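Enquirer: Following this message is one structure expressed as structure tokens.
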Amino acid sequence: MLNGSNFSEWKEHLLLVLALMDLDLSLTKERPSSPKELRRWDRSNRVSIMIMRIRIPQEFRGSVLEDVTTAKEFLNGLENFYAKNEKAERIMLQAEFFSMSYREYENVREFIMRMKTVVAKLKKVGINDYQDDKIVAHFAIKMLPLRYARLKNVYRRLEEKFNNENGYLCFGDIWSTSELISRCDMEEEWEA
């Protein structure tokens, strides 16, 4: 259900439902001229609008003009009304990425998957700075708790060695996230 702050997720689910029901024709193609295609397109359009209206709370339904005639116009009207300011969303997602912390009840794999989820959201809004898996691993290792101090020291030494050999600052060129997870798993087994 659309609630005003979940438009992107709502739209993603809506498009999936319409595609699975083979009703997304009116959103993907212009109104056809042939009678046979027009009948199918009209049904897609009518049912798509009905599905969108039913998935919007009554108090939000006034946000879309009643005189829209196509599902595409309806969805665009909703998007214009509810879509977040992209700049604000980018700033919020970057802040979320840099303020992430390891939760005591989760394992390293869960922590890295949370980080990758935020990175995927950043990519959706056009920020590709954190797409390299080794950069995510770099940030993840810096955020690990004290019990991984030995592993963090090994990483730091490898980073220093890499910098000395290559003459430039290494930023995430050491381990991938899967390597980091494996090393953390070994560290946990070694401690047990």
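All of the numbers you see were taken from the coordinates with simple rules; none came from a lab. Only a predicted model underlies this, so the values are computations on that prediction, with no experimental measurement involved. As a convention, Cβ positions derive from the backbone with ideal geometry for all residues, glycine included, and neighbour counts pool all protein chains shown.
Enquirer: If the reach is capped at under 28 angstrom between alpha carbons, list the lysines near Lys161, excluding any in the same chain fewer than eight residues apart.
Expert: List returned: Lys116, Lys134, Lys142, Lys152.
Enquirer: Among the lysines, which have Cα under 20 Å from the Cα of Lys11 when same-chain residues fewer than 8 positions away are ignored?
Expert: Partners within reach: Lys29, Lys72, Lys84, Lys87, Lys121, Lys123, Lys124.
Enquirer: Using 1/(1 + (r/R0)^6) with R0 = 30 angstrom and r between the beta carbons of Asp129 and Asn3, what's the FRET efficiency to the nearest 0.05?
Expert: Approximately 0.50, to the nearest 0.05.
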